[in-house]
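A.B. asks: Starting off with a structure, shown below.
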Amino acid sequence: MPTDLVLRPADPRDAAAVAMVHLEARSAAPMPPPAHPEHEVRAWLSGRLVADEVWVAERGGHVAGYARLTETWLDDLYVAPPHAGAGVGSALLDLAKSRRPEGFCLWVFETNAPARAFYARHGLVELERTDGTANEERAPDIRMAWPGRDPVAFLRGLIDEVDEQLGDLLARRAALTRAVQPHKAQPDTRDTGRERAIAEAMAVRAPALGAQRLQRIVHAIVTESLDAAQDAP
């Protein structure tokens, strides 16, 4: 950490300085345009200073950067453009690691290549990519993670979260498969063309698996759902 850098918890008096860092850093980075006007960003960040864990990095008595943490996420890490490349971001990221030793996740826009390279240099790994439909900017983004002192435990925790969601989705899929059978011209028959179309649509969201693998997965899900439907009372 640079010797002239001071890291300290933020307080409400830092609201204006933190907002300025946020706005200037985003403007200078290869990121999509903000979804909210400046006055809304300032008001929102002021509230986050109270609700979240926020740290500021000071140089010469001025806020040069800040990091905002929730329980399992690093939601913000911004450095004012005049202080970029001087170790401020690295110091804040190291602080985040010390504050969340079990690991944390963050989102970075796909277009923000400098930030992605920065996080990769500091040991963060890429977990997933999205098409951006779930974020306010509607821009493709990447979920990255620092897996903490026990990467297996951290990543298995994330897997458990996904498996819970997957279990709910499979239950809904099986119920819908059962519900549609009486309305088909030939109940309990397979529509391989539809299964292929489903797999191709899924491949857009999960390109790493590819349409062929996904078609096998869809086939297995439909098979087991039909079997379960026949066993249902």
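The values are calculated or read from the model by the stated rules, or taken from the named source; none is laboratory data. Please read all numbers here as calculations on a predicted model, not as lab measurements. Because the Cβ atoms are built from the backbone with ideal geometry, glycine has one as well, and the counts that use them run over all protein chains shown. In case anyone asks, the SASA skips ligands and DNA or RNA and just uses the protein heavy atoms, side chains included. Shrake-Rupley method; radii C 1.70, N 1.55, O 1.52, S 1.80 Å.
A.B. asks: Among the candidates Leu93, Leu7, Leu49, Leu77, single out the residue that is open to solvent by 40 Å² or more (accessible area, probe 1.4 Å) and either more than 20 Å from Ala117 (Cβ to Cβ) or not basic (Lys, Arg) (or both).
C.D. replies: After applying the criteria, what remains is Leu7.
A.B. asks: If only one of Ala117, Ala64 is hydrophobic (A, V, I, L, M, F, W, C), at negative phi and touching a helix residue (DSSP H, G or I) at 6+ places or on another chain (Cβ under 6 Å), which one is it?
C.D. replies: Only one candidate passes the filter, namely Ala64.
A.B. asks: What's the number of the only condition in (1) in contact with a Cys (Cβ under 8 Å, 6 or more places away or on another chain); (2) open to solvent by 60 Å² or more (accessible area, probe 1.4 Å) that His62 fails to meet?
C.D. replies: Checking His62 against (1) in contact with a Cys (Cβ under 8 Å, 6 or more places away or on another chain); (2) open to solvent by 60 Å² or more (accessible area, probe 1.4 Å), the one that fails is (1).
A.B. asks: Would you check which residues across the range 1-60 are in a helix (DSSP H, G or I) and touching a residue at least 60 places away in the same chain (Cβ under 8 Å) and list them?
C.D. replies: Met20
A.B. asks: In addition: Return a yes/no flag: does the range 77-94 have any residue that is modelled with pLDDT of 95 or more, in contact with a His (Cβ under 9 Å, 6 or more places away or on another chain), closer than 21 Å to Asn135 by Cα and outside any loop (DSSP other than H, G, I, E, B).
C.D. replies: yes
A.B. asks: Show the residue pairs meeting these rules: Cβ distance below 8 Å; 6+ apart or different chains; first residue within the range 184-208 and free of Cβ contacts under 8 Å to residues at least 40 places away in the same chain and under 20 Å from Asp141 (Cβ atoms); second residue of a type in the set (A, V, I, L, M, F, W, C) and not in a helix (DSSP H, G or I).
C.D. replies: If the second residue must be of a type in the set (A, V, I, L, M, F, W, C) and not in a helix (DSSP H, G or I), the pairs left are Met202/Leu209; Ala203/Leu209.
A.B. asks: Restricting to the range 198-210, count the residues that are more than 23 Å from the chain's Cα centre (by Cα) and open to solvent by 40 Å² or more (accessible area, probe 1.4 Å).
C.D. replies: 1
A.B. asks: Right, next: Taking the range 160-183, which residues are closer than 19 Å to Asp231 by Cα, open to solvent by 80 Å² or more (accessible area, probe 1.4 Å) and either without any contact (Cβ under 8 Å) to a residue 12 or more places away in the chain or of a type in the set (Asp, Glu) (or both)?
C.D. replies: Result: Arg172, Leu176, Pro182, His183.
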